[in-house]
Ligand code: ASP
């Protein structure tokens, strides 16, 4: 074999070996990510809290998936990626600066797109948050979450967490693999907020795009942009600018340590469905929900909670079958006021809660009572 042929053969073998090694790593990564996305069980690893640097707060990051753990083969893909692809270790490792501001440990509670967060996962997450906050070694919690239903989980935690230690829910609009991914800085901010003394007692907070909002008021307002999360009428409670966390407002409604809702012994939550109000809507939607076992129905009604004659017929029959009807609004902002029709028909009005958050409060209210007057009082207090 002449020198050129020999050199060519060596190059070929080296490249074959490298291809095999890469394929092996890819398979391992694929297996790993399949396992991560398939599981909704809490992984037992990493459950201890890192207390390394005594001068820093101990913050536990509970991961549930979403775009903040999303990934795509293309770094310009900001819509077709797969949510909940990366494990929490990788998400935390992508922000090495965290170690300068807190002792951070991650725990994978689930790895799903938040459209797949169900009542069972809500209960599991909330119980874990309460368990961890009971531990003197834990100073605060960050929950990483998909943005599509983030406000529902945040509001649920706001109503059932039994502690005044900070809990911050964070997501991102762009996947971890994208150019200018917003997840790493959002996560850094979340840990920073959770480690801030002034964050104590403010209820569950949500941070994206440099803002700090109360779980009671924040909502997703845009399908794709990074400034999607807004607290339009009531405003934000604070802001993160550079390394400075500033608070300006407090949520005034009852929450966390003052809340009377207790999920510690609950195995499931009552079924509550949301029915949309629109021109020509029909009574059979109500009949179907009742027949399927709904204990409560939230109406995402038009305007200030107006319902068509057909919808009212359906809702009245539901009430006769002990189903609680709450009128909310599809408008997106404003209060659904309590009217004479509510007293006459035993309906409840949702105050300023949007339909998806109304569903959360109604599920918890139904764990206590079916009485519409008592449930109305909850909607005025929470
Ligand atoms: N579908 C994703 C989710 O909610 C979207 C996101 O996280 O932004 O999990």
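Every number here is computed from the coordinates shown, using simple stated rules; none is lab data. As the structure is a prediction and not an experimental result, all values here were calculated from the model. So basically every Cβ, Gly included, is an ideal-geometry build from the backbone, and we count neighbours across all protein chains shown.
Please compute P(r) over all alpha-carbon pairs of the stretch 239-290, binned at 5 Å starting from zero, and give each bin as a whole-number percent.
Pair shares across the bins are 4, 11, 11, 10, 10, 12, 13, 15, 8, 5, 2.
Counting just the Cα atoms, what span does the stretch 305-382 cover along each of its three principal axes? Round to the nearest Å and put the largest first.
Computed over the stretch 305-382, the largest-to-smallest principal extents equal 29, 28, 20 Å.
Defining a contact as two alpha carbons under 8 Å apart and six or more residues distant in sequence, what relative contact order in percent does the chain show?
12 percent
Can you give me the relative contact order of the stretch 69-222 as a percent, contacts being Cα pairs under 8 Å and 6 or more apart?
25 percent
At a threshold of 8 angstrom on Cα-Cα distance, excluding pairs fewer than six apart, so keeping six or more, what relative contact order does the stretch 215-360 reach in percent?
Relative contact order of the stretch 215-360: 18 percent.
For a label point 7 angstrom out from the Cα of residue 331 toward its Cβ, which stretches of the stretch 344-359 have the backbone nitrogen within less than 15 Å?
Of the residues in the stretch 344-359, 349-355 have backbone N under 15 Å from the label point off residue 331.
Hey, got the Cα dimensions of the stretch 168-274 along the principal axes, in Å, largest first?
In descending order, the Cα extents are 43, 33, 27 Å.
Considering only 270, 96, 355, give the residue with the highest GNM mean-square fluctuation for the chain, with springs between Cα atoms whenever their separation is below 10 Å.
Fluctuation is largest for 96.
Can you tell me what the convex hull of the Cα atoms of the stretch 242-373 projects to on average, as an area in nm²?
Averaged projected hull area, Cα only: 10.6 nm².
May I have the extent of the alpha carbons of the stretch 72-121 along their three principal axes, as whole Å values ordered from largest to smallest?
34, 33, 13
What Kirkwood radius, in Å to one decimal, follows from the Cα pairs of the stretch 80-177?
14.3 Å
Between the stretch 254-312 and the stretch 126-181, how far is it from one alpha carbon centroid to the other, in angstrom?
25 Å
To one decimal place, what orientation-averaged projected area in nm² is obtained for the convex hull of the Cα set of the chain?
Its Cα hull, projected and averaged over all orientations, spans 23.5 nm².
Can you tell me what share of the DSSP beta bridges in the chain is antiparallel? A percent to the nearest 5 is fine.
Percentage antiparallel, nearest 5: 30.
Take residue 246 and residue 54, extend 7 Å from each Cα along the Cα→Cβ direction, and tell me the distance between the two endpoints in nm.
The modelled label-to-label distance comes out at 3.5 nm.
Between the alpha-carbon centers of the stretch 318-382 and the stretch 73-106, tell me the distance in whole angstrom.
Cα centroid of the stretch 318-382 versus Cα centroid of the stretch 73-106: 38 Å apart.
By its C-alpha gyration tensor, with a ≥ b ≥ c as the square roots of the eigenvalues, how is the stretch 116-233 shaped: rounded for a/c under 1.5, else prolate for a/b larger than b/c, else oblate?
prolate
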